[in-house]
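Visitor: This is the structure I have questions about; it appears just below.
The values are calculated or read from the model by the stated rules, or taken from the named source; none is laboratory data. Note that the structure is a prediction, hence the values are computed from the model and not measured. For neighbour counting, all protein chains shown are included, and Cβ atoms are generated from backbone atoms with ideal geometry for every residue, glycine included.
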């Protein structure tokens, strides 16, 4: 890669000629310069802010192949189409949906140097043969799209993302890595850097505030009343829009109810065939459907700027998920609505979805195959146990996190001798995950039940502060004007390491003068009253007097 390329004028010129943009934002330029200078990068930028350009424009100024790890086949397809439309180079995909002839052509393009971009799923990178072939390609940059998936603290953790740091080391220590995401709290950002092995990365954060989104929470005690209100609201709002539900059956029934009201609505969930899902995806993109009613399976990578509302018929399991999903509205900068239909009892369903324990039989089986000295590759584990890829990867990750197995360049080895100790350690890991997941649910409850500005509440979770209440949420509008009391900066800075007298070490992730939110290592998210913190001396700054 030509590290000397990429002054502001050159970057803006490429943006104009290939993407039709008048100029880049300062955040885009900063991220692109890091890539061009061979630095690792973490870029946190809102949906629709041009994250893909961060690697596409530098590729036009440099030599070599850009490897893009992307989690969904539909997302890969859209990204490849966008590259072809902008004449930004030649892009190919390597994934399980390709026919044998298509796969051969893709590898030919990679190996003869005619491909500028290679899109690949993290599951494919669990295949040692794939990694070996990529190692022989002239890779100049590795990109991790939707990088929050690497973090167990994030809202969309995917086990195969955990192997990426090892893969990147195998591909070449000198190849820079760029991690891109639209949603990452301070804790998730730190986890991404650590999990991907980013080396003194440039960190570019574009800000989380979307002032054109009107934040509204409608509270109900009765399920039937809530359901009727959801249908009435969605039918009355200008589209196009998205309605998220907690279950597949809800997605189907809400879509049917909207169709009965004359709304062109379709449902989307993981239980549908790939062809059905693609038809809905294309229909929403092309305005055939006015509303898509979907589970969380729909939305990642949607490139539709004119979504006028995102509504939730049930409460999501975390503020991370909620922010990611409402970020699909109003990407054109025009006014849009983010509506949450809240019933406190729905949080019980969110807790149900966060629960889960490892399969003890599978954990024992994986541990039994591994040797304490001779490393075993993931593909050999898969062959020995005949277990689907994601389940196996998840089990290996849990064992590694529990300290029961150790990852080496050649595979995995046992790190302890006792199967019973393995189960005890993995159970402890899962109990910690459950506590953190449940604390996320409680943070979501706090947003839904706040009596103050919702935007202040939401942004503080991501470590961002408003000087004044927003004036564009239901709490501010109910008073007839924004609250005149200015919000004040927090007593503890975001990222401060603290220790609680009962809950132990933690990291400050947000707050204001009245409250502070901390992610504790062993107990998850907690929001504390600053009055109680001061009166009882509950928090001490790590290494200081507090």
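Visitor: When you look at residue 8, is it in contact (Cβ under 8 Å) with a residue 12 or more places away in the chain, touching a strand residue (DSSP E or B) at 6+ places or on another chain (Cβ under 7 Å) and more than 18 Å from residue 184 (Cβ to Cβ), yes or no?
Guide: Against the criterion (in contact (Cβ under 8 Å) with a residue 12 or more places away in the chain, touching a strand residue (DSSP E or B) at 6+ places or on another chain (Cβ under 7 Å) and more than 18 Å from residue 184 (Cβ to Cβ)), residue 8 does not qualify.
Visitor: May I ask you to verify whether residue 25 is under 24 Å from residue 326 (Cα atoms), in the same structural domain as residue 109 (by TED's automatic domain parsing) and surrounded by fewer than 19 Cβ atoms within 10 Å (Cβ to Cβ)?
Guide: Considered against the rule, which asks whether it is under 24 Å from residue 326 (Cα atoms), in the same structural domain as residue 109 (by TED's automatic domain parsing) and surrounded by fewer than 19 Cβ atoms within 10 Å (Cβ to Cβ), residue 25 comes out as yes.
Visitor: Across the stretch 308-344, what is the number of residues that are modelled with pLDDT under 95 and assigned to a strand (DSSP E or B)?
Guide: 1
Visitor: Could I ask something else about it? Quick check on the stretch 29-44: of everything there that is assigned to a loop (DSSP other than H, G, I, E, B) and touching a helix residue (DSSP H, G or I) at 6+ places or on another chain (Cβ under 9 Å), which residue is surrounded by the fewest Cβ atoms within 10 Å (Cβ to Cβ)?
Guide: 39
Visitor: Further question on the same structure: Counting only residues that are surrounded by fewer than 19 Cβ atoms within 10 Å (Cβ to Cβ), in contact (Cβ under 8 Å) with a residue 60 or more places away in the chain and more than 20 Å from residue 25 (Cα to Cα), how many does the stretch 191-203 have?
Guide: Selection size over the stretch 191-203: 2.
Visitor: Follow-up question, since we're still on this one. Taking the condition surrounded by fewer than 18 Cβ atoms within 10 Å (Cβ to Cβ), touching a helix residue (DSSP H, G or I) at 6+ places or on another chain (Cβ under 8 Å) and at pLDDT below 90, does residue 305 pass?
Guide: Here the answer is no, as residue 305 does not meet what is asked.
Visitor: Could you list, in sequence order, all residues of the stretch 450-476 that are assigned to a helix (DSSP H, G or I) and touching a residue at least 24 places away in the same chain (Cβ under 8 Å)?
Guide: The answer is 454, 455, 456, 458, 459, 460, 461, 474, 475.
Visitor: Name, by its number, the condition in (1) part of a strand (DSSP E or B); (2) at pLDDT below 85 that does not hold for residue 353.
Guide: All conditions are met except number (1).
Visitor: Let me ask you something else. Just to verify a result, which residue in the stretch 6-22, among those that are crowded, with 16+ Cβ neighbours inside 10 Å and part of a loop (DSSP other than H, G, I, E, B), is modelled with the highest pLDDT?
Guide: Once the filter is applied, the top-ranked residue is 21.
Visitor: In the stretch 203-216, which residue that is touching a helix residue (DSSP H, G or I) at 6+ places or on another chain (Cβ under 6 Å) and at pLDDT 95 or above is farthest from residue 55 (Cα to Cα)?
Guide: Filtering first and then ranking leaves 216.
Visitor: If you don't mind, there's one more thing I want to ask. So if I check each of 305, 316, which one is in the same structural domain as residue 346 (by TED's automatic domain parsing) and within 20 Å of residue 239 (Cβ to Cβ)?
Guide: Sole residue among the options that is in the same structural domain as residue 346 (by TED's automatic domain parsing) and within 20 Å of residue 239 (Cβ to Cβ): 305.
Visitor: Any residue at all in the stretch 63-71 that's buried (at least 18 other Cβ atoms within 10 Å of the Cβ) and in a loop (DSSP other than H, G, I, E, B)?
Guide: yes
Visitor: If only one of 47, 90, 66 is in the same structural domain as residue 192 (by TED's automatic domain parsing) and touching a helix residue (DSSP H, G or I) at 6+ places or on another chain (Cβ under 6 Å), which one is it?
Guide: 66
Visitor: Turning to a different aspect of this structure: Would you please name the residue that is surrounded by the fewest Cβ atoms within 10 Å (Cβ to Cβ), looking only at residues in the stretch 375-389 that are in contact with a strand residue (DSSP E or B) (Cβ under 7 Å, 6 or more places away or on another chain) and under 22 Å from residue 420 (Cα atoms)?
Guide: The residue in question is 375.
For (1) in contact with a strand residue (DSSP E or B) (Cβ under 6 Å, 6 or more places away or on another chain); (2) within 24 Å of residue 35 (Cα to Cα), each residue gets a yes or a no:
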| position | (1), (2) |
| --- | --- |
| 75 | no, yes |
| 95 | no, no |
| 103 | no, no |
| 129 | no, no |
| 147 | yes, yes |
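Visitor: Which residues, counting only those in the stretch 401-414, are surrounded by fewer than 17 Cβ atoms within 10 Å (Cβ to Cβ) and modelled with pLDDT of 75 or more?
Guide: Correct list: 403, 406, 413.
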